[in-house]
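Student: What follows is a structure written as structure tokens; I'll ask about it next.
The values are calculated or read from the model by the stated rules, or taken from the named source; none is laboratory data. Everything numeric here is computed off the predicted structure, so don't read it as measured data. In this analysis, Cβ positions are derived from the backbone assuming ideal geometry, glycine residues included, and neighbour counts consider all displayed protein chains. We work out accessible area using only protein heavy atoms, side chains counted, and drop any ligands, DNA or RNA first. Shrake-Rupley method; radii C 1.70, N 1.55, O 1.52, S 1.80 Å.
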Amino acid sequence: MNLQKTIKSSSKPFLIAGPCSVENPDQVMEVACALAESGRIQLLRGGIWKPRTRPDSFEGVGAIGLPWLIEAGKAVKLPVCTEIANKNHVESALKAGVDVLWIGARTTVNPFAVQEIADALKGTNVPVMIKNPINPDLELWIGAFERLENAGIKDLTAIHRGFSVYNHPKYRNVPNWEIPIAFRERMPNIPIICDPSHISGKRDLLLEVSQKGLDLNFDGLMIETHPNPDSAWSDAAQQVTPENLFRLLNQLVQRSPSPDKGAKKELEEIRDKISVLDDRVFDLLSARMKMSEDAGELKRDHNITIFQQEHWAKMKNKRIEMAKGYDLTSFFVQQMMDAIHQESIRHQTKVMNPKKDNSTEE
Ligand code: PEP
Ligand code: MN
């Protein structure tokens, strides 16, 4: 199949579903039948080799499961995909007749592994999807695409599955949406699929993350689906039954990237008003920095240091406490205050040490 073409010509978001791991022939057949019946799923997923954080977790059934996945796909007339992480996986998967391969997040981080896969794929025309690396490194993600392109693999698609962080209160993998957006700017011809399952880590976040992906104009979704999620051998908390997948899909609102004429005019008006407000923010920031320079002059004349830790901590905490009342996140306020503070120090330094060259701080 030509995956890029299929995704791009799909009028609705391209949907990939299936279990995190293939467990046995009945499990994958059961879920495939339920998914295919809806007519909405275009690609069946199933993990055969599972890269797991801890060695005592289930690491996939291995090559023995390939014919189970292939049979299930054939029975319901859906192409199938699986994750590969080395050249042996590539050879076994292609020999078994897997239609689409994907490189997992833990493999994309490793250029040796990606190069080995690229070399093993040379001379084939199999479509490959590349998940973002687990760390938020756009260049590493792009580098993996370049390695495959250099090996002559042209049918490439990206999967955004979020980025690892320690102990996040909400996400299993934080989305850092700005990274897939930057990816799209750099590689505009590569379709991007959102993987809400691995971003969320739990079922009740799937709808919110899926909607966000669609609102950001992603080309499709990959959602882990299992006949009996709670007893799944991997990623149990984030998998859903086919029935709940369809319920979720029915709740998604599909918005158009290009507004119709009436909406376009209204949107332009709102954007004009936003632009006026942004101008005011600039004026205020500029006035604020002039005030910092006044403080700098006073500090210079009285030989006071620029930075007074206690005062700054008080100012910053006050703003963070105010955040909620203004419907701003404390994370945003913290970042904004830090940025304002840095710029303010630059202005004060300019006044206090006029002969020193500040150009490197700009
Ligand atoms: C998976 O898709 O089951 C998987 C292991 O994903 P990731 O590489 O995103 O962790
Ligand atoms: Mn999984």
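Student: What full-extension length gain, to one decimal in nm, is calculated for Ser38 and Asp327 as 0.36 nm per residue of separation minus the Cα-Cα distance? Could you put the intermediate results ahead of the total?
Tutor: Details: separation 289, 0.36 × 289 = 104.04 nm, distance 4.05 nm.
In short, 100.0 nm is gained.
Student: Measure off, as a whole percent, the carbon and sulfur share of the 1.4 Å-probe accessible area of the chain, all protein chains present.
Tutor: 53
Student: Could you tell me which of the pairs Lys87/Lys212; Lys131/Lys264; Lys50/Lys87; Lys154/Lys264; Lys131/Lys265 are separated by over 27 angstrom between their Cα atoms in the structure shown?
Tutor: With Cα atoms farther than 27 Å apart: Lys87/Lys212; Lys131/Lys264; Lys154/Lys264; Lys131/Lys265.
Student: If you don't mind, another one. When only Cα pairs under 8 Å and 6 or more residues apart are kept, what is the percent relative contact order across the range 55-194?
Tutor: Working: 216 pairs, mean separation 24.8, N = 140.
Here the relative contact order equals 18 percent.
Student: For a protection proxy built on the mean count of beta-carbon atoms within 10 angstrom, sort 296-304, 60-68 highest first, please. All intermediate terms of the calculation are to be shown ahead of the outcome.
Tutor: Values: 296-304: 12.7, 60-68: 18.2.
Taking the mean over residues of other Cβ atoms within 10 Å, the ranking is 60-68, 296-304.
Student: Right, another one. Setting aside same-chain residues fewer than 8 positions from Lys290, which lysines have a Cα under 20 Å from its Cα?
Tutor: Lys299, Lys316, Lys350, Lys355, Lys356
Student: Could I ask something else about it? For Asn250 and Asn86, FRET efficiency with R0 = 35 Å and r from the beta-carbon atoms, rounded to 0.05?
Tutor: 0.35
Student: Just check the range 129-276 against the gyration tensor rule for me: Cα atoms, a ≥ b ≥ c as the square roots of the eigenvalues, rounded for a/c under 1.5, and otherwise prolate or oblate depending on whether a/b exceeds b/c.
Tutor: It comes out oblate by the Cα gyration axes.
Student: First check a/c for the range 239-351, with a ≥ b ≥ c the square roots of the eigenvalues of its C-alpha gyration tensor; if it is under 1.5, answer rounded, and if not, answer prolate when a/b is larger than b/c or oblate otherwise.
Tutor: oblate
Student: Rounded to the nearest 20 Debye, what is the dipole magnitude of the chain about its Cα centre when Lys and Arg each give +1 and Asp and Glu each give -1 at the C-beta?
Tutor: So the dipole magnitude of the chain works out to roughly 220 debye.
Student: Return a whole-number percent for the relative contact order of the range 1-130, with Cα pairs under 8 Å and 6 or more residues apart as the contact set.
Tutor: 22
Student: By its C-alpha gyration tensor, with a ≥ b ≥ c as the square roots of the eigenvalues, how is the range 1-128 shaped: rounded for a/c under 1.5, else prolate for a/b larger than b/c, else oblate?
Tutor: Verdict is oblate for the range 1-128.
Student: Where nothing but the Cβ of Lys and Arg (+1) and of Asp and Glu (-1) is charged, how large is the charge dipole of the range 218-264 around its Cα centre, in debye to the nearest 20?
Tutor: Taking the Cα centre of the range 218-264 as origin, the dipole is about 420 debye.
Student: Which one of Tyr326, Gln309, Met337 is farthest out on the positive end of the charge dipole of the range 294-337, using unit charges on Cβ (Lys, Arg +1; Asp, Glu -1) and the Cα centre as origin?
Tutor: Tyr326
Student: Using alpha carbons only, how many angstrom separate the centre of the range 21-62 from the centre of the range 283-335?
Tutor: 53
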